[in-house]
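The values are calculated or read from the model by the stated rules, or taken from the named source; none is laboratory data. Keep in mind that what you see is a predicted model, and the values were worked out from it rather than measured. As a convention, Cβ positions derive from the backbone with ideal geometry for all residues, glycine included, and neighbour counts pool all protein chains shown. Quick note on the areas: whole protein, heavy atoms, side chains included, nothing else; ligands and nucleic acids left out. Shrake-Rupley method; radii C 1.70, N 1.55, O 1.52, S 1.80 Å.
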Amino acid sequence: MSMPTPRRAPLRFPAGFGWGASTSAYQIEGATKDDGRGESIWDTFSRTPGRVRNGDTGDVAADHYHRYRDDLDLMRDLGLRSYRFSIAWPRIQPDGTGAPNQRGLDFYRRLLDGLHERGITPMATLFHWDLPQALQDAGGWESRDTAYRFAEYAETMFRALGDRVPTWLTVNEPKTVVQNGYLSGHHAPGRQDPEAAYLVAHHLQLAHGLAVRALRATGPGRIGPALNLHPCYPADDSPEAAAAARLYDGYENRLYLDPVLTGRYPHDVLADLGAQSRMVQGIADGDLEVISAPIDILAVQYYTPIYVTAQGGTARRHPTSEAEWQQIHPEGMYDILTRVTRDYGPIPITVTENGLPTPDTVGTDGTVDDAGRVAFLRDHLAAAHRALTDGVPLESFHVWSLLDNFEWAEGYDQRWGLVYVDYATQRRILKRSAHWYRTVIADNGI
Ligand code: GCO
């Protein structure tokens, strides 16, 4: 008697699930001087000696600006249904304000047309950290005015590309701008200033809310923020660790979720910052109303949990990836997705980033065997599937990243792509994980 053929995908996702991949402009485009693009803070930062590993810059990156057609074909060959990318503000407004640069707009128009021709649904992020340098010179996100400049830029994009973009994401990971740009200083603009940092947090949220408003005034389309969320677990059973983890969660998650979804900043975080903090002083009447304008979708990016000790420090409980900040814990995906739904209601969710760097090399047979990435994605997708089964309205999932790219302060050392990029030749090679992901998409499950 022959055995029944096993079902290829025991964990099936809902029909029409949005299988995708993610990128961002500065990390892949290169062409930093083409077609009237202005300077961004990442141009300045990466050219400053000692800021980025090996002195790497985004000047060439994966040369996507010139090779986008080939990259679109790659996406089609993978079977992607969704592509999440970002628009470089300095291509649209080289000085961060005023009339749009037509050649910059045209690039994104061509990209979007290419996606539609291939049946791939675009998801466009408006701000993925490449602030026009001219706005930084005028105060950057410490200045409230930057939020209004962002709203103006957003409205320009809604008018120019609204017919081609069904879903907009406002600000990518405001927390990373706060923590890396203004606390640790290892991202642009490279500051170490806690007082400025939380004022920046408020202005980024205000920018988000003003953009939501601008979309409602301009036309159809869905919109939401892209937040990197970290489940914060107590590192031990003590009540002190539980309390410390709770406050840590405030700074990592609730500081960004609560204002958007409940119209309030978390009391514990405000109390911890103190009434005299520049952030607390910087919240004007009506700001929270703007920030909490109803959103259509919440973009969640999950990479790692955080374990918090009784003293408020952090602890390691799982193996890390090549990124020392990343502990590999697929359950965290389940925990964060179910938590958002439980605490904030059934808001539609897209996972816009999940992935890891692996030490990928091209073998003698020309293939790239990133078995670690396959295992990581399979385990995280299984956790996402369980969250779906338990009622989380998860619509789509985007792997970070489509291509190996400029990993910010790490330069090109870490490879996060499904697709290997040989930077010397710009040749693309589908890694084992890309072939695997194509099967996942075709089977609509794992
Ligand atoms: C992010 C990032 C990406 C990073 C990725 C890996 O939004 O954190 O959007 O730009 O490359 O997270 O660190």
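With the condition kept exactly as written, say whether any residue in the range 353-371 is at pLDDT 95 or above, away from the ligand (no atom under 14 Å from the Cβ), assigned to a helix (DSSP H, G or I) and farther than 14 Å from P14 by Cβ. Checked the range 353-371: at least one residue is at pLDDT 95 or above, away from the ligand (no atom under 14 Å from the Cβ), assigned to a helix (DSSP H, G or I) and farther than 14 Å from P14 by Cβ. Residue-level check: of (1) under 30 Å from G219 (Cα atoms); (2) within 16 Å of the ligand (Cβ to nearest atom); (3) not basic (K, R), T320 misses just (1).
V308 meets each of the listed conditions (1) open to solvent by less than 30 Å² (accessible area, probe 1.4 Å); (2) within 16 Å of the ligand (Cβ to nearest atom); (3) more than 19 Å from H380 (Cα to Cα) apart from (2). A single entry from P174, P166 fulfils the requirement of being within 16 Å of the ligand (Cβ to nearest atom) and of a type outside the set (S, T, N, Q): P174. Scanning the range 398-446 for residues that are among the small types (G, A, S) and either within 30 Å of H385 (Cα to Cα) or at pLDDT below 95 (or both) yields S401, G417, S433, A434, A442, G445. Restricted to the range 258-293, and to residues that are part of a loop (DSSP other than H, G, I, E, B) and polar (S, T, N, Q), which residue is farthest from the chain's Cα centre (by Cα)? Only one residue fits best here, namely Q276. Among the criteria (1) within 20 Å of the chain's Cα centre (by Cα); (2) surrounded by fewer than 19 Cβ atoms within 10 Å (Cβ to Cβ), the one A383 does not fulfil is (2). Close contacts from the range 289-302, counting a first residue that is open to solvent by less than 10 Å² (accessible area, probe 1.4 Å) and a second that is within 11 Å of the ligand (Cβ to nearest atom), with Cβ to Cβ under 6 Å and a gap of 6+ residues or different chains, come to A299/L169; A299/A226; A299/T352; Q301/N228; Q301/T352; Q301/E353; Y302/N354. For the range 209-226, the candidate set comprises residues that are touching a strand residue (DSSP E or B) at 6+ places or on another chain (Cβ under 8 Å) and open to solvent by less than 10 Å² (accessible area, probe 1.4 Å); within that set, the residue that is farthest from Y153 (Cα to Cα) is A226.
Just so you know, in the range 329-352 the residues that are in a loop (DSSP other than H, G, I, E, B) and under 21 Å from M123 (Cα atoms) include one that is farthest from the ligand (Cβ to nearest atom), and it is P346.
For the range 400-436, the candidate set comprises residues that are of a type in the set (S, T, N, Q) and either within 11 Å of the ligand (Cβ to nearest atom) or crowded, with 19+ Cβ neighbours inside 10 Å (or both); within that set, the residue that is farthest from L227 (Cα to Cα) is S433.
Restricting V440, V419 to those that are touching a Lys or Arg at 6+ places or on another chain (Cβ under 9 Å) and closer than 24 Å to E324 by Cα reduces the list to V419. Would you be able to say whether some residue in the range 58-71 is under 19 Å from L381 (Cα atoms) and open to solvent by less than 10 Å² (accessible area, probe 1.4 Å)? There is no residue in the range 58-71 that is under 19 Å from L381 (Cα atoms) and open to solvent by less than 10 Å² (accessible area, probe 1.4 Å). Selection of the range 238-285 for residues being under 26 Å from T314 (Cα atoms) and of a type in the set (G, A, S) yields S238, A241, A242, A243, A244, A245, G250, A271, G274, S277. Would the range 38-48 turn up any residue that is on the phi > 0 side of the Ramachandran plot and modelled with pLDDT of 95 or more? No, the range 38-48 contains no residue that is on the phi > 0 side of the Ramachandran plot and modelled with pLDDT of 95 or more. When I41, I28, I87 are screened for being of a type in the set (A, V, I, L, M, F, W, C) and either out of contact with any strand residue (DSSP E or B) (no Cβ under 7 Å at 6 or more places or on another chain) or open to solvent by 30 Å² or more (accessible area, probe 1.4 Å) (or both), only I41 passes.
Kindly check whether there is at least one residue in the range 196-205 that is of a type in the set (G, A, S), more than 25 Å from P94 (Cβ to Cβ) and within 20 Å of the chain's Cα centre (by Cα). Yes, some residue in the range 196-205 is of a type in the set (G, A, S), more than 25 Å from P94 (Cβ to Cβ) and within 20 Å of the chain's Cα centre (by Cα). Taken as a whole, the condition of being open to solvent by less than 10 Å² (accessible area, probe 1.4 Å) and away from the ligand (no atom under 16 Å from the Cβ) does not apply to G50. Report yes if some residue within the range 182-199 is crowded, with 24+ Cβ neighbours inside 10 Å, in contact (Cβ under 8 Å) with a residue 12 or more places away in the chain and within 16 Å of the ligand (Cβ to nearest atom); otherwise report no. Checked against the condition, which is being crowded, with 24+ Cβ neighbours inside 10 Å, in contact (Cβ under 8 Å) with a residue 12 or more places away in the chain and within 16 Å of the ligand (Cβ to nearest atom), the range 182-199 yields at least one hit.
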